[in-house]
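Working notes, structure below.
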Amino acid sequence: MKKALIPLVLIAALAVCFVVPNESRAYTSVDQIDRQLNKLRQQMNEAKRKAEEAEKNSRLIESQLKANIRDLDELMEKQAALALQIAEKQNEIDGQEHELDVAEGQLEEIIARIEARDALIRSRLKLMYMRGAVSYLEVLMQSTSFTDFLDRYNALKALLGQDKEILDQTRRDQQAMEDKKEEIEMRLANLTREYDELATMQAQLAAQQKQKEVLIAQLREEKEDHEHVSEEEERRLMELTAEFNKLEKEKNALMAKLKAGTLAYPLPRVYPVTSWFGSRVDPITGAKGAFHNGIDIGAPKGTDILAAGDGVVIQAGWYGGYGNAVIINHGLDKNGNELWTLYGHASEVLVKKGQQVKKGDHIAEVGNTGRSTGNHLHFTVYLNQEAVDPKKYVNF
């Protein structure tokens, strides 16, 4: 299994990418702050993802580590049991070698006795041959009686027979001892083979144990690396979160400074109002008593739509029944209420969400998008996100 270690160079590079500036930076617009907030938000999400991924990898490696440690313990137990078997087998081999030594010594003694007995018989036969049958006759003829003669004859015959019987028995003992020696040698050979097999198994277990120890060391090192990355990313996430909260406060403070005053007319010149704020007949369904939350101003398609005051764009693009629409947050009015304006049914939107605009900026163009019956500007004023009559803020 290959190590998946994170190089120090990569860690250093990550640290550079996520460094949170220590110096205080002055932002002059909400748009700048929003861009920095988006950047920090992306970095926070990335740091969180890497921390979670490192933690996940660490848990996975921990599981692998425990499994391999269990395997190592089993190998060590097998090694211990095998070592005991080898020791027992060596004792058996030592015992058989001792028996073999004893049997070889006994066999040498038996062979020596055979050689001595054989030499004695040969000597007697040689003596009889050299002296001839007279010697036997002399022994027999010196008998004092027939009974003595038979006794002497039987004694001579028994002497030779006894020598031959002893020689035959000794040779039988030799054969038995040779058989016993052969049996011991066979057992010894089997024991030696079994010992060699156990030694081979021991060597294989030792090699497996070494591999497990190396793998465990690698897994521990890899786990430490992932834990280090996780700690680094968690620390970085905390720093980024602190910077994010700091920028949020700066944004709120800057928004508070954008005190909303009297709003300007949202078109380059005055055009006729086609529908006022309040109850009306729905121009599409014809239903009576429909509530109209703004003022419709009839103007040709492509007419410039102008920001009614300073603020920050919080919506730019398609917005349900309003079609292409722009919403601007003008901050707080003199009474501390949050003031928004909406510009609906535009043919084209020229600003982006988060952009800071000034009163009179060209933000869109009149059109007929969304739930509309013709080219016009739908203009709504929101106070604390509740639609109010725009005539309170704009002269029509």
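A compact table of results
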item: Residues satisfying the stated conditions in the stretch 168-179, i.e. buried (at least 16 other Cβ atoms within 10 Å of the Cβ) and within 15 Å of residue 103 (Cβ to Cβ); result: 173, 174, 177
item: Tally of residues being surrounded by 15 or more Cβ atoms within 10 Å (Cβ to Cβ) and either of a type outside the set (Val, Ile, Thr) or modelled with pLDDT under 85 (or both) across the stretch 47-84; result: 18
item: Pairs where the first residue, in the stretch 50-68, is closer than 21 Å to residue 232 by Cβ and in the same structural domain as residue 209 (by TED's automatic domain parsing) and the second is of a type in the set (Gly, Ala, Ser) and in a helix (DSSP H, G or I), C-beta under 7 Å, 6+ apart; result: 51/230; 54/230; 55/230; 58/230
item: Criterion (surrounded by 11 or more Cβ atoms within 10 Å (Cβ to Cβ), modelled with pLDDT of 65 or more and under 30 Å from residue 202 (Cβ atoms)) met by exactly one of 92, 109; result: 92
item: The one condition in (1) without any contact (Cβ under 8 Å) to a residue 60 or more places away in the chain; (2) within 30 Å of residue 240 (Cβ to Cβ) that residue 95 fails to fulfil; result: (2)
item: Candidate set: the stretch 351-388, residues that are of a type in the set (S, T, N, Q) and either outside the structural domain of residue 296 (by TED's automatic domain parsing) or outside any strand (DSSP E or B) (or both); chosen: the one surrounded by the fewest Cβ atoms within 10 Å (Cβ to Cβ); result: 385
item: For residue 57: the one exception among (1) touching a His at 6+ places or on another chain (Cβ under 9 Å); (2) closer than 20 Å to residue 207 by Cα; (3) polar (S, T, N, Q); result: (2)
item: Filter result (in contact (Cβ under 8 Å) with a residue 60 or more places away in the chain and farther than 19 Å from residue 272 by Cα) within the stretch 365-387; result: 371, 387
item: Within the stretch 206-238, considering residues that are surrounded by 18 or more Cβ atoms within 10 Å (Cβ to Cβ) and over 19 Å from the mean Cα position of the chain (by Cα), the one modelled with the lowest pLDDT; result: 237
item: Flag if residue 347 is more than 18 Å from residue 311 (Cα to Cα) and at pLDDT 95 or above; result: yes
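Quick grid of which residues meet (1) within 16 Å of residue 378 (Cα to Cα); (2) surrounded by fewer than 16 Cβ atoms within 10 Å (Cβ to Cβ); (3) of a type in the set (A, V, I, L, M):
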residue	(1), (2), (3)
267	yes, no, yes
272	yes, yes, no
284	yes, yes, yes
302	yes, yes, no
308	yes, no, yes
317	yes, yes, no
325	yes, no, yes
328	yes, no, yes
336	no, yes, no
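The values are calculated or read from the model by the stated rules, or taken from the named source; none is laboratory data. From a predicted model like this one, the values you see are computed outputs, not experimental measurements. Heads up, the Cβs are rebuilt from the backbone with ideal geometry, glycines too, and the neighbour counts pull from every protein chain shown.
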